[in-house]
Structure formats: structure tokens, C-alpha cells
Amino acid sequence: MAFVRRHNDLGQMCVVARRGDPIAGQVFIEIDHLDGTRSLLVPAPSVSRNDDGAGLVFQHRFRRVEPGIVRDRIAREIDFDPDLWVLSLDLRGDDAGVDVIAAR
């Protein structure tokens, strides 16, 4: 909820688009760049990050693609993991304010 509150305080529309399990649910961040493209941030695998417990670390699954591609991926992931949370953010730039690592 802090992520949503912070972005709304900055004037960037952010909502919880899907509530998952409060304990076991992973968090995906869907970014609408307001130019007809979307990006999708997903949790980075723990083996690809320096896991010091300092918070969530994400990686790009898709970067500035057609919205349908992101929607389809989220739908497939929900079929696989119904505990999934989805945060939806309207953002003209690329900095969602979370730690993002390069996919390996």
C-alpha cells in the first residue's frame, strides 16, 4: 500500500488492480506509459539478486509493448498463481521507484 500511496501523492495514478494473498502472493507492477505501451515488472528470482532483505527487487518481463501482451501474461500468471497481486501505475517515464535488475 505504501507504493500506491507514494505514487498517488506524486500525482501518478496507481491502484491495486488485483488483490492476492496477503502473505504468499507475489506482486506484479503493470505500467501504462500513457503512449499506447505498457511494461510489466515481476519479482526478480532470488538467485539473481543480492538478497539482503532490503525489500522487493523486480525485473522487466516486458518493456514498452502493446497492452494486450501484458494483459495476456498477467491472465496466464493468475491461472497459475491465484495469489498474485497486480499494481497498476500510470507513468510517462520509466522509473517506477522500485529496485530493478537486468534479467539474466
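The values are calculated or read from the model by the stated rules, or taken from the named source; none is laboratory data. Everything numeric here is computed off the predicted structure, so don't read it as measured data. In this analysis, Cβ positions are derived from the backbone assuming ideal geometry, glycine residues included, and neighbour counts consider all displayed protein chains.
Being surrounded by 14 or more Cβ atoms within 10 Å (Cβ to Cβ) and part of a loop (DSSP other than H, G, I, E, B) is the filter here; which residues of the range 84-96 pass it?
Leu84, Leu91, Ala96
List every residue pair whose Cβ atoms lie under 6 Å apart, where the two residues are 6 or more positions apart in sequence or sit on different chains, the first residue falls within the range 45-70 and is crowded, with 16+ Cβ neighbours inside 10 Å and of a type outside the set (A, V, I, L, M, F, W, C), and the second residue, located anywhere, is at pLDDT 90 or above and part of a loop (DSSP other than H, G, I, E, B).
If the second residue must be at pLDDT 90 or above and part of a loop (DSSP other than H, G, I, E, B), the pairs left are Gln59/Ala44.
Scan the range 77-92 for residues that are closer than 19 Å to Phe3 by Cβ and touching a residue at least 60 places away in the same chain (Cβ under 8 Å) and jot them down.
If the condition is that a residue be closer than 19 Å to Phe3 by Cβ and touching a residue at least 60 places away in the same chain (Cβ under 8 Å), then Asp83, Leu84, Trp85, Val86, Leu87, Ser88, Leu89, Asp90, Leu91 are the ones that fit.
Provide a single number: the residues in the range 1-32 that are closer than 27 Å to Asp79 by Cα, surrounded by 12 or more Cβ atoms within 10 Å (Cβ to Cβ) and free of Cβ contacts under 8 Å to residues at least 60 places away in the same chain.
Looking only at that region, the number is 4.
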